[in-house]
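Everything on this sheet refers to the single structure shown next.
The values are calculated or read from the model by the stated rules, or taken from the named source; none is laboratory data. These numbers come from a predicted model, not from an experiment. Here the Cβ positions follow ideal geometry from the backbone for every residue, glycine too, while neighbour counts run over all protein chains shown.
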Amino acid sequence: MLEPLGLTRAEQDLYERLVSNRPLTQAEVGDPAAADRLVELGLITLMPSDPPRYLVLPPDITLELLVRDRELELAKARQETVLLATRFHTSTARSEPPELIEVLRGEPEIADGIERLVRSAKGELSFSDAPPFMEDPSQVDQEPLEKLAEMDISIRILYDRTRSVDRPGRLAARVRGVNDGEQARVGDVPLKMLLTDGPMAFVPIDVNATSYTAGLLIHDPVLVTGLQGLFEQLWSRAIPLATYAGQSSSADEPTDQERDLLALLMSGLTDSESAAQLGWTERSVRSRIERMRLRLGTDTRFQAGYQAVLRGWLDPHDG
C-alpha cells in the first residue's frame with residue numbers, strides 16, 4: 001500500500017522486512033538497489049557497525065514526511081492544472097461566452113472587478129495572500145474585507161509563509177482582525193486568489209509583478225471550482241493564526257503587545273519575522289518572550305506556549 005509514496009513492490013517488501021526484524025546486514029538484505037532507494041527516501045539508514053547494518057527510522061515520522069511531500073507535489077500539480085485551464089479558456093475566449101472570463105488591466109479596472117467579486121459573495125470569501133501586493137502592506141484589501149464583515153460574510157485568509165511575512169506589519173495588522181470573526185492561516189501560497197461562493201474568482205495574470213498590472217475575473221464555475229480545490233488543499237496544510245481569546249482565566253493577563261507577539265509566534269513565525277511584523281528589534285522580542293516565560297512559571301518556550309493557551313491568553317479562532 002506504499003506505492004503512492006513512490007515505492008516499488010520490491011522496496012516495500014524490503015521495508016516491511018526491516019520494520020518487522022532486527023537490523024539486517026547488507027548481505028542479509030539481498031537487494032542492494034532497493035536498500036539504496038530506501039536510504040535515499042530517508043526511511044532507513046546504514047549504521048557504521050561491524051558489519052554495517054540497515055536500521056529502520058521511525059515510520060510514523062519518515063512516512064509522514066513522504067506523505068507531505070506527495071501532498072505538496074499534488075498541490076503544485078493542481079496549481080499548474082488551474083493555470084493551464086485558465087490559459088486555455090483565455091486563448092479560446094472568441095468562441096466562449098464573453099462573460100466567463102474578463103481580462104482586467106490596471107489598478108482601476110482591477111479594483112472595480114474586486115468590488116464586483118465582493119458583491120457576488122453569498123456566504124464566504126476565500127483569499128490567498130501572495131504577490132503582487134498593494135503599496136501599503138498593512139492595508140492590503142482592507143476595504144473589501146470591511147464590506148464583507150458588514151454583509152455578515154465569513155472570511156478566510158491564507159498568508160504566504162515567506163513572502164507575506166517579509167512585509168512589515170502585514171500579519172500584525174490581521175491579528176486583531178481575527179477576533180472580529182475572520183479566519184486566518186499561515187502556509188505555502190503559490191498563487192494570489194480571491195474566491196467567493198458566487199461563484200467568482202480573481203487571479204493576477206503576472207504573478208511575478210510587484211504591483212497589480214493585470215488580472216482575470218473568472219465567472220466560469222468550472223475554473224472557480226478548480227481554484228477553490230487548490231485553496232482548500234493549501235488551507236488544510238496551513239497553521240491557524242492565533243490571537244487573544246478574550247477570556248483569560250488568570251488575573252495576570254498579557255498586555256496588548258504581548259498578545260500580538262504571542263499570536264505571531266504561535267502561528268509559526270520566527271523571532272526575526274515577528275520583530276519585522278511588530279516594528280521591534282529581535283533583541284526586544286527575545287526579552288519580552290523571556291519575561292512572559294518567567295511570568296508563566298515555565299522552563300521552555302514550548303511550555304510557555306502551552307500555558308498561554310491553558311490560561312486563555314490565546315485562541316486559534318479557526319473554525
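Take the residues in region 63-90 that are among the hydroxyl-bearing types (Ser, Thr, Tyr) and more than 21 Å from the chain's Cα centre (by Cα), then tell me which one is surrounded by the most Cβ atoms within 10 Å (Cβ to Cβ).
Thr86
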Exercise. Out of region 9-27, which residues are in contact with a helix residue (DSSP H, G or I) (Cβ under 9 Å, 6 or more places away or on another chain) and part of a helix (DSSP H, G or I)?
Worked result: Arg9, Ala10, Glu11, Gln12, Asp13, Leu14, Tyr15, Arg17, Leu18, Val19, Gln26
Seminar exercise, completed: Residue count, region 42-87, condition assigned to a loop (DSSP other than H, G, I, E, B) and closer than 16 Å to Tyr15 by Cβ, comes to 4
Seminar exercise, completed: Selection from region 246-282 of residues over 27 Å from the mean Cα position of the chain (by Cα) and either at pLDDT below 75 or assigned to a helix (DSSP H, G or I) (or both) yields Gln247, Ser248, Ser249, Ser250, Ala251, Asp252, Glu253
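Taking the stated definitions as given, is Gln26 surrounded by 13 or more Cβ atoms within 10 Å (Cβ to Cβ), free of Cβ contacts under 8 Å to residues at least 24 places away in the same chain and not assigned by TED's automatic domain parsing to the domain that holds Leu234? Quick ask: steps written out before the conclusion?
Working: surrounded by 13 or more Cβ atoms within 10 Å (Cβ to Cβ): yes; free of Cβ contacts under 8 Å to residues at least 24 places away in the same chain: no; not assigned by TED's automatic domain parsing to the domain that holds Leu234: yes.
No: the conditions fail for Gln26.
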